[in-house]
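To start, the structure itself, in structure tokens.
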Amino acid sequence: MATSYEDVYARFLPKITDYSFLNMVDEDIQDYLEGYLKSSITKFHRYCNKLSDRDEDLKQFNKDLNDEEEEILSLLMCIEFLMPRILTDDLLKRKMSTKDYNIHSPAQHMAQLRELKSDFQKEIRYLITLYTFKKDKMDEFL
């Protein structure tokens with residue numbers, strides 16, 4: 001009857017690698033995840049009216065979200081996760097050099113992040129198009 005925010009987080013977290021979460025207390029992690037989710041809801045609610053019906057105290061959507069809706073939200077959360085990394089000045093100053101991971105140029109790293117964001121946006125547009133098409137077709141049959 002309801003979909004918890006945790007269900008969406010469980011789809012989002014495997015898509016990212018952020019070891020800084022390991023140094024945070026659970027409450028701070030939840031705050032970040034909820035912030036990403038709320039921004040994602042804002043971008044998807046016009047296509048999915050189920051998102052407006054939610055309980056902030058119980059941290060859940062009051063209606064069941066299907067796999068497709070959860071996946072779209074998790075991808076939108078990826079965009080929200082990337083945005084601060086793209087916009088921060090610190091990224092341009094950071095220098096890393098190990099055998100496993102080496103950023104040759106902060107500008108190159110920034111370009112890769114922007115490309116990754118663009119890839120997520122394309123996938124989200126595609127999924128929302130499919131979602132709205134399917135929804136419109138279902139309305140015709142009902």
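When region 60-90 is filtered for residues that are surrounded by fewer than 16 Cβ atoms within 10 Å (Cβ to Cβ) and either farther than 26 Å from Lys122 by Cβ or in contact with a Lys or Arg (Cβ under 7 Å, 6 or more places away or on another chain) (or both), the ones remaining, listed by number, are Asn62, Asp64, Ile86, Asp89, Asp90. Criterion applied to Leu51, Leu58, Leu82 was being assigned to a loop (DSSP other than H, G, I, E, B), under 18 Å from Tyr9 (Cα atoms), of a type outside the set (Asp, Glu) and at pLDDT 80 or above, and the one residue passing it is Leu58.
Every residue in region 13-48 that is part of a helix (DSSP H, G or I), of a type outside the set (Lys, Arg), within 15 Å of Ser74 (Cα to Cα) and out of contact with any helix residue (DSSP H, G or I) (no Cβ under 7 Å at 6 or more places or on another chain), please. I'd like the intermediate steps shown before the answer.
At the first step, the residues of region 13-48 found to be part of a helix (DSSP H, G or I) are 13-15, 19-23, 26-44.
Among the residues that remain, those that are also of a type outside the set (Lys, Arg) are: 13-14, 19-23, 26-37, 39-42, 44.
Next cut, within 15 Å of Ser74 (Cα to Cα) only: 13-14, 30, 32-37, 39-42, 44.
Correct list: Leu13, Pro14, Gln30, Tyr32, Gly35, Thr42.
The values are calculated or read from the model by the stated rules, or taken from the named source; none is laboratory data. This structure is a prediction, so every number in the text was calculated from the model and none was measured. A quick note on method: Cβ atoms are made from the backbone with ideal geometry, for glycine too, and the neighbour counts reach across all protein chains shown.
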